[in-house]
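Accompanying notes for the structure given below.
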Amino acid sequence: MNRVLFLEDDLLFADTIVDLLQENGFEVTHAPNGQSALDATYEQKFDLYLLDINVPLIDGTTLLKELRDSNDTTPAIFLTSHKDKEMLKKSFFSGADDFLTKPFDIDELLLRIKALLKRVKSDHAECVGLLCNDNTHKRILYNKKELDLSKKEYDLLVLLMQHVNNTVPKELILDTLWSRGDGGSDGALRVYINRIKQLVPQINIENIRGIGYKLVS
């Protein structure tokens, strides 16, 4: 079930949209102001942000820019009564993926949401807990913060994530990280495993003796 954070200060309108989304299988958290929306992002991870712009405490564009500056790549759609081009530009510069002007057709909203989530899913690998692979930009984030990984560390962690809770044989890892004769060895592999563990001590990578390694979720 996709989780949606919905920022909207018009409570009657919010109730309508929340009911619509829930009827279509979404789990919705409604925030009536920008500060409560920001607080919600600290408490859980969302699959989509639906944001009004003119809301109390923190406006929608400022909120999204702050989230983007903290490496939050969650897709976002602005739902707003603004119609001028300057606001449209400001919305996209703040990090929006789409923009829908009120009043809008309910079916169009659902189509845009589904299209955006489908595109994002194709661009991004599945998350393993708080560990997420941004395949488009070739980076991995833990709890929304980018990890400082070398290319081989990135490739190794992606491989483990793709086989989460299953042992990845050392032979497969070595073939993935090194071409033949390129210096791959058990010792070099242990160095990369230990480096990842130091960067993210919260994750559990098990050494299955004599066989390979397993990322445990």
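Among the residues of the stretch 99-111, which ones are surrounded by 16 or more Cβ atoms within 10 Å (Cβ to Cβ) and modelled with pLDDT under 90? Let's see the steps before the verdict.
Narrowing the stretch 99-111 to residues surrounded by 16 or more Cβ atoms within 10 Å (Cβ to Cβ): 99-100, 109.
Result: PHE99, LEU100.
Restricting attention to the stretch 144-190, the residues being of a type outside the set (Val, Ile, Thr) and either in contact with a Cys (Cβ under 9 Å, 6 or more places away or on another chain) or assigned to a helix (DSSP H, G or I) (or both) number 23. If LEU111 satisfies every condition in (1) of a type in the set (A, V, I, L, M); (2) free of Cβ contacts under 8 Å to residues at least 12 places away in the same chain; (3) assigned to a loop (DSSP other than H, G, I, E, B) but one, which is the exception? Unmet for LEU111, out of (1) of a type in the set (A, V, I, L, M); (2) free of Cβ contacts under 8 Å to residues at least 12 places away in the same chain; (3) assigned to a loop (DSSP other than H, G, I, E, B): (3).
Is it the case that SER150 is modelled with pLDDT under 90, exposed (fewer than 12 other Cβ atoms within 10 Å of the Cβ) and outside the structural domain of ARG68 (by TED's automatic domain parsing)? Taking the combined requirement at face value, the residue does not satisfy it. Annotation note: Cβ proximity below 6 Å between a residue of the stretch 74-95 that is within 20 Å of ILE113 (Cβ to Cβ) and a residue that is modelled with pLDDT under 80 (sequence gap 6+ or interchain) occurs for PRO75/VAL120; PHE78/SER91. Residues in the stretch 71-88 that are modelled with pLDDT under 85 and aliphatic (A, V, I, L, M): 2 in all.
For the residues LEU79, LEU5, the requirement of being part of a strand (DSSP E or B), crowded, with 16+ Cβ neighbours inside 10 Å and under 15 Å from the mean Cα position of the chain (by Cα) singles out LEU5. Could you tell me whether the stretch 45-64 includes any residue that is touching a residue at least 60 places away in the same chain (Cβ under 8 Å), part of a loop (DSSP other than H, G, I, E, B), within 23 Å of MET1 (Cβ to Cβ) and not charged (D, E, K, R)? The answer is no, given that none of the residues of the stretch 45-64 is touching a residue at least 60 places away in the same chain (Cβ under 8 Å), part of a loop (DSSP other than H, G, I, E, B), within 23 Å of MET1 (Cβ to Cβ) and not charged (D, E, K, R).
What number of residues within the stretch 191-217 satisfy the criterion of being without any contact (Cβ under 8 Å) to a residue 24 or more places away in the chain and in a helix (DSSP H, G or I)? The qualifying residues number 4. Restricting attention to the stretch 9-41, the residues being outside any helix (DSSP H, G or I) and either over 11 Å from ASP52 (Cα atoms) or polar (S, T, N, Q) (or both) number 8.
Which of the residues that make up the stretch 22-37 are under 20 Å from the mean Cα position of the chain (by Cα) and of a type outside the set (Ser, Thr, Tyr)? Give the derivation first.
Residues of the stretch 22-37 under 20 Å from the mean Cα position of the chain (by Cα): 25-31, 34, 36-37.
If the condition is that a residue be under 20 Å from the mean Cα position of the chain (by Cα) and of a type outside the set (Ser, Thr, Tyr), then GLY25, PHE26, GLU27, VAL28, HIS30, ALA31, GLY34, ALA37 are the ones that fit.
Within the stretch 116-125, identify whether any single residue is at pLDDT 90 or above, surrounded by 15 or more Cβ atoms within 10 Å (Cβ to Cβ) and out of contact with any helix residue (DSSP H, G or I) (no Cβ under 9 Å at 6 or more places or on another chain), and answer yes or no. No. The residues on offer are ASN71, ASN54, and the sole one that is closer than 23 Å to LYS145 by Cα and not assigned by TED's automatic domain parsing to the domain that holds THR136 is ASN71. Scanning the stretch 126-141 for residues that are modelled with pLDDT under 80 and in contact with a helix residue (DSSP H, G or I) (Cβ under 8 Å, 6 or more places away or on another chain) returns GLU126, ASN135, THR136. Condition check: free of Cβ contacts under 8 Å to residues at least 24 places away in the same chain and on the phi > 0 side of the Ramachandran plot. Does LYS138 satisfy that? So LYS138 passes the test.
The values are calculated or read from the model by the stated rules, or taken from the named source; none is laboratory data. Remember, it's a predicted structure, so these values are computed and weren't measured experimentally. Reconstructed Cβ throughout: ideal geometry from the backbone, glycine too, with neighbour counts over all protein chains shown.
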